[in-house]
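Engineer: Provided herewith is a single structure, encoded as structure tokens, for subsequent inquiry.
The values are calculated or read from the model by the stated rules, or taken from the named source; none is laboratory data. From a predicted model like this one, the values you see are computed outputs, not experimental measurements. Here the Cβ positions follow ideal geometry from the backbone for every residue, glycine too, while neighbour counts run over all protein chains shown. Heavy atoms of the whole protein, side chains included, go into the accessibility calculation; ligands, DNA and RNA do not. Shrake-Rupley method; radii C 1.70, N 1.55, O 1.52, S 1.80 Å.
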Amino acid sequence: MPAHHCGEAQVDHTAQASQTPHTSHTAQVNRAAQADPTTREIAFLSPFQRDIGRARHEIETSCMVPWDPAWFAAPHDRFNVRLAATSMAVAAATCRNTSHNDFRYVRGALEALDFRDVSVGSYQHRNEVDQGDYERDVDLVAYGMGHQVINVGGEEVPLVVLAIRGTSRTREWVSNANVADSVSDGNYNVEYHEGFDAAADEAYGHVAQYLVHHGINMSEARVWIVGHSRGAAVANLVAAFLCESGEFSPDHVFAYAFATPGVTRRKDADAAVFGGIFNVIDPVDYVPRLPLESWGFRRFGATYTLPTPCAGDDAPDGFEQASQRLFMQFAGIERPTFATIGPTARLVRHVASISPTITSLYEKERLTKFGRQTFADFYHSFTSMVGDKGGKRAREAAQVSRYAAGPFWRFLSYFAKNSLTGHASAGAHAEEGYLARMLAAVETGLDLSVSAKVRTTAFTAYGDVDLTVKDAAGQTVASIWKGKVEKSQIPAYFDDETDASTVWFAGCALEDYVIELRDRSGYSFGVTIAQQNALGEALEQTEFGPIKIGNGHTLPWNQLAEGAPSTSVQRGGNLHVTVRAEGAKRIDAVGAECLTAGDWAAVYAYEGLGASFKGWYEEGRDPRVAKPLSTHKKYVLRVPHDRALVAVFS
């Protein structure tokens with residue numbers, strides 16, 4: 001990794017000026033809660049209703065959080081759900097601080113937890129009403145710092161906090177898209193996401209400078225780092241840099257990051273030296289899935305997942321009810337989110353199919369309505385558009401969609417459906433949602449450390465087939481009929497790209513239910529049964545088929561399974577359908593990635609002016625004499641192994 005030296009940071013006079021004692025309205029309110037030394041009140045602004053176009057302004061709200069400095073005397077590599085909840089509350093308070101509100105939310109949160117000499121100088125020209133710093137550099141971030149003295153084993157030691165803001169309504173969105181923008185020689189083997197790395201490098205330098213300015217011994221200091229979204233990415237990297245610096249003790253680093261994107265391609269990111277770094281993600285949140293794991297990106301430290309209906313039944317009774325109640329308290333609205341992992345997993349496959357590698361992300365030009373464009377260029381345009389909210393975002397989305405008429409439309413359609421006309425993706429990622437779920441975890445005793453062991457069974461039927469699930473009493477608990485989920489007491493999802501009907505069985509055996517399949521066309525269909533982890537990734541999968549029962553006939557799965565041929569694999573997500581286009585100039589083709597043996601996949605051919613699609617052919621077959629596999633521009637195929645196809649145009 002590149003060296004990160006404390007001496008590289010320049011003196012932040014603005015930050016020093018803002019370290020003077022400050023008594024804010026929030027701090028005054030919090031002092032009332034300090035009658036109980038184990039509970040503090042943290043105020044913040046909820047932007048959710050404004051972000052989805054339901055309100056013109058943010059809602060000021062607050063939450064009570066546990067607080068005990070003794071947490072930092074415990075082993076750093078032991079996940080502390082109470083510290084995690086308080087970390088998320090502080091992360092929420094870092095957002096939407098401007099000169100108009102005197103940066104009082106981040107300042108008030110740190111003061112409420114007894115931190116002094118609070119520095120918020122980085123916010124001065126890095127907020128939505130003053131973006132001066134972004135005129136020279138978009139790879140920046142704002143953060144609050146403070147320190148206090150705690151007792152560890154009878155000795156007084158310093159505790160320093162670094163609270164990093166998530167993506168704001170500024171040009172930071174452009175930095176989020178900077179995976180490897182600086183590469184000019186074609187070698188995209190980068191170690192870190194460049195936008196996050198640059199922001200982390202600056203923040204790291206200012207942490208070291210802050211300690212020097214206040215006479216704090218680096219080797220003795222406990223360092224607490226928090227962040228959500230972009231703030232989580234930067235927090236993750238700063239914590240890793242501290243652990244490897246040689247100036248800070250890795251045992252003294254306590255980092256809690258939420259909705260953390262992939263930040264590094266280092267294969268040692270889970271090494272013991274990073275044991276104090278914890279990432280908490282919601283499996284249905286798309287942000288932690290980018291940049292793609294298939295590109296080699298990961299996070300430093302350990303990653304825990306929040307419960308979802310598709311990710312086991314490890315959530316204690318009352319967890320979801322408490323989460324919804326708290327979200328309503330913060331945002332004034334019910335939390336919209338996804339019922340299954342399906343839409344997020346589909347988005348991941350779309351991105352991987354458009355750009356299977358980082359090199360193709362930057363160099364593969366795709367056919368759009370107004371010429372060719374790389375996905376990196378399109379993604380930059382898209383993230384810049386997402387930085388604005390409400391009606392303006394909708395208008396810009398419509399403009400971007402013109403360019404997405406080709407291969408990029410499948411990527412954009414996720415956001416058009418789930419962010420503009422619906423709000424599930426916003427609800428899955430919102431800091432209010434993460435905070436509500438972390439406080440609910442404390443309230444109900446949820447053990448997040450077991451999330452890595454969560455397993456669930458996914459039953460998928462491909463083709464013109466309807467699916468009904470009944471419990472032991474004969475009551476229908478799920479049904480997918482003619483491509484529509486009609487009932488879903490258990491998680492159910494229909495993927496219209498591949499005609500895949502999926503139901504998930506968590507915490508129980510498949511044999512506890514009766515699955516009935518109804519043939520709608522008389523054609524053969526396929527079935528897969530997969531053991532999945534919390535992120536919906538196949539750990540093992542069995543394929544059954546081809547199966548044919550006759551048009552209009554219905555049979556129970558246990559009867560069909562007895563005579564159906566089957567094949568099992570122990571590793572999933574490693575197959576590809578690679579494609580290329582030939583025969584004309586203005587043409588394109590997109591394959592499929594991240595597949596498991598037995599999956600069905602959709603490949604797409606795109607024709608521009610003057611081109612006419614002829615058909616899909618296996619690689620190596622002569623289209624002048626061979627019969628095409630399909631003459632449809634969208635071709636759905638079974639994937640038992642890697643496939644290579646050619647889209648032929650004339």
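Engineer: Please go through the stretch 609-623 and pick out each residue that is part of a strand (DSSP E or B) and within 23 Å of His641 (Cα to Cα).
Structural biologist: Hits for the stretch 609-623 are Gly615, Trp616, Tyr617, Glu618.
Engineer: What are the pairs with Cβ atoms under 7 angstrom where one residue, in the stretch 620-647, is without any contact (Cβ under 8 Å) to a residue 24 or more places away in the chain and the other, located anywhere, is acidic (Asp, Glu) and open to solvent by 50 Å² or more (accessible area, probe 1.4 Å)? Sequence gap at least six, or different chains.
Structural biologist: Leu629/Glu618
Engineer: Within the bounds of the stretch 568-577, is there any residue that is closer than 30 Å to Glu607 by Cα, open to solvent by 30 Å² or more (accessible area, probe 1.4 Å) and either of a type outside the set (S, T, N, Q) or modelled with pLDDT under 90 (or both)?
Structural biologist: The answer is yes; a qualifying residue exists.
Engineer: Which one is farthest from the chain's Cα centre (by Cα), of the residues in the stretch 172-188 that are in contact (Cβ under 8 Å) with a residue 12 or more places away in the chain and open to solvent by 50 Å² or more (accessible area, probe 1.4 Å)? Break it down stepwise before answering.
Structural biologist: Taking the stretch 172-188 first, the residues in contact (Cβ under 8 Å) with a residue 12 or more places away in the chain are 172-183, 186, 188.
With open to solvent by 50 Å² or more (accessible area, probe 1.4 Å) added as a condition, the list becomes 181-182.
Details: Asp181: 21, Ser182: 24 Å.
Filtering first and then ranking leaves Ser182.
Engineer: Can you tell me which of (1) over 28 Å from the mean Cα position of the chain (by Cα); (2) under 23 Å from Thr357 (Cβ atoms) is the one Tyr604 doesn't meet?
Structural biologist: Going through (1) over 28 Å from the mean Cα position of the chain (by Cα); (2) under 23 Å from Thr357 (Cβ atoms) one by one, Tyr604 breaks only (1).
Engineer: So in the stretch 434-463, with the set limited to residues that are among the aromatic types (Phe, Trp, Tyr) and outside any helix (DSSP H, G or I), which one is most open to solvent (accessible area, probe 1.4 Å)?
Structural biologist: Across the stretch 434-463, the extreme among qualifying residues is Tyr462.
Engineer: Where residues in the stretch 156-171 are under 22 Å from the mean Cα position of the chain (by Cα) and β-branched (Val, Ile, Thr), which of them is surrounded by the most Cβ atoms within 10 Å (Cβ to Cβ)?
Structural biologist: Filtering first and then ranking leaves Ile164.
Engineer: Checking the condition at pLDDT 95 or above and acidic (Asp, Glu), which residue from Asp499, Asp447, Asp471 passes? Step through it out loud before you land on a result.
Structural biologist: Values: Asp447 fails: at pLDDT 95 or above; Asp471 fails: at pLDDT 95 or above.
From the options Asp499, Asp447, Asp471, the qualifying one is Asp499.
Engineer: A further question on this structure: Output the number of residues of the stretch 491-528 satisfying the condition of being within 22 Å of Glu562 (Cα to Cα), out of contact with any Asp or Glu (no Cβ under 7 Å at 6 or more places or on another chain), assigned to a strand (DSSP E or B) and open to solvent by 30 Å² or more (accessible area, probe 1.4 Å).
Structural biologist: 2
Engineer: Can you say whether Thr260 is over 18 Å from Leu347 (Cα atoms), at pLDDT 95 or above and within 17 Å of the chain's Cα centre (by Cα), as far as the supplied structure shows? Explain how you work it out, then say what you get.
Structural biologist: Details: over 18 Å from Leu347 (Cα atoms): no; at pLDDT 95 or above: yes; within 17 Å of the chain's Cα centre (by Cα): yes.
It is false that Thr260 is over 18 Å from Leu347 (Cα atoms), at pLDDT 95 or above and within 17 Å of the chain's Cα centre (by Cα).
Engineer: Next question. Out of the residues in the stretch 607-623 meeting the condition of being open to solvent by less than 60 Å² (accessible area, probe 1.4 Å) and among the charged types (D, E, K, R), tell me which one is farthest from the chain's Cα centre (by Cα).
Structural biologist: The extreme case among them is Asp622.
Engineer: Count, please, the residues in the stretch 425-470 that happen to be touching a Leu at 6+ places or on another chain (Cβ under 9 Å) and of a type in the set (Phe, Trp, Tyr).
Structural biologist: Total meeting the criteria: 2.
Engineer: Taking helices (runs of 4 or more DSSP H) that fall entirely within the stretch 277-378, which contain at least 3 residues that are under 30 Å from Ile59 (Cα atoms), among the small types (Gly, Ala, Ser) and open to solvent by less than 10 Å² (accessible area, probe 1.4 Å)?
Structural biologist: Result: 319-331.
Engineer: Checking the conditions here, which among Ala644, Ala592 is touching a helix residue (DSSP H, G or I) at 6+ places or on another chain (Cβ under 7 Å) and modelled with pLDDT of 95 or more? So that I can check it myself, show each step before the final result.
Structural biologist: Values: Ala644 fails: touching a helix residue (DSSP H, G or I) at 6+ places or on another chain (Cβ under 7 Å).
Of the residues listed, the single one that is touching a helix residue (DSSP H, G or I) at 6+ places or on another chain (Cβ under 7 Å) and modelled with pLDDT of 95 or more is Ala592.
Engineer: What number of residues within the stretch 539-556 are hydrophobic (A, V, I, L, M, F, W, C) and farther than 17 Å from Tyr523 by Cα? Talk me through it step by step, then tell me what you get.
Structural biologist: Of all residues in the stretch 539-556, those hydrophobic (A, V, I, L, M, F, W, C) come to 539, 544, 547, 549, 555.
Right, trim to farther than 17 Å from Tyr523 by Cα and you get 539.
Looking only at that region, the number is 1.
Engineer: Please state which of the following conditions Val527 fails to meet, knowing it meets all the rest: (1) at pLDDT below 95; (2) over 23 Å from Lys417 (Cα atoms).
Structural biologist: Just one mismatch for Val527, condition (1).
Engineer: State whether the residues of the stretch 80-88 include one that is out of contact with any Phe, Trp or Tyr (no Cβ under 7 Å at 6 or more places or on another chain), of a type outside the set (Asp, Glu), surrounded by 17 or more Cβ atoms within 10 Å (Cβ to Cβ) and not in a helix (DSSP H, G or I).
Structural biologist: No: the stretch 80-88 contains no residue that is out of contact with any Phe, Trp or Tyr (no Cβ under 7 Å at 6 or more places or on another chain), of a type outside the set (Asp, Glu), surrounded by 17 or more Cβ atoms within 10 Å (Cβ to Cβ) and not in a helix (DSSP H, G or I).
Engineer: Only one of (1) out of contact with any Ser or Thr (no Cβ under 8 Å at 6 or more places or on another chain); (2) at pLDDT below 95 fails for Ala404. Which number is that?
Structural biologist: It is condition (1) that Ala404 fails.
Engineer: Of the conditions (1) assigned to a strand (DSSP E or B); (2) surrounded by 15 or more Cβ atoms within 10 Å (Cβ to Cβ); (3) in contact (Cβ under 8 Å) with a residue 60 or more places away in the chain, Ala584 satisfies every one except a single condition; which number is it?
Structural biologist: Unmet for Ala584, out of (1) assigned to a strand (DSSP E or B); (2) surrounded by 15 or more Cβ atoms within 10 Å (Cβ to Cβ); (3) in contact (Cβ under 8 Å) with a residue 60 or more places away in the chain: (1).
Engineer: I'm trying to understand the selection: among the residues of the stretch 216-274, which are among the aliphatic types (A, V, I, L, M) and either assigned to a loop (DSSP other than H, G, I, E, B) or surrounded by fewer than 24 Cβ atoms within 10 Å (Cβ to Cβ) (or both)?
Structural biologist: Hits for the stretch 216-274 are Ile216, Met218, Ala221, Ala259, Val263, Ala269, Ala271, Ala272, Val273.
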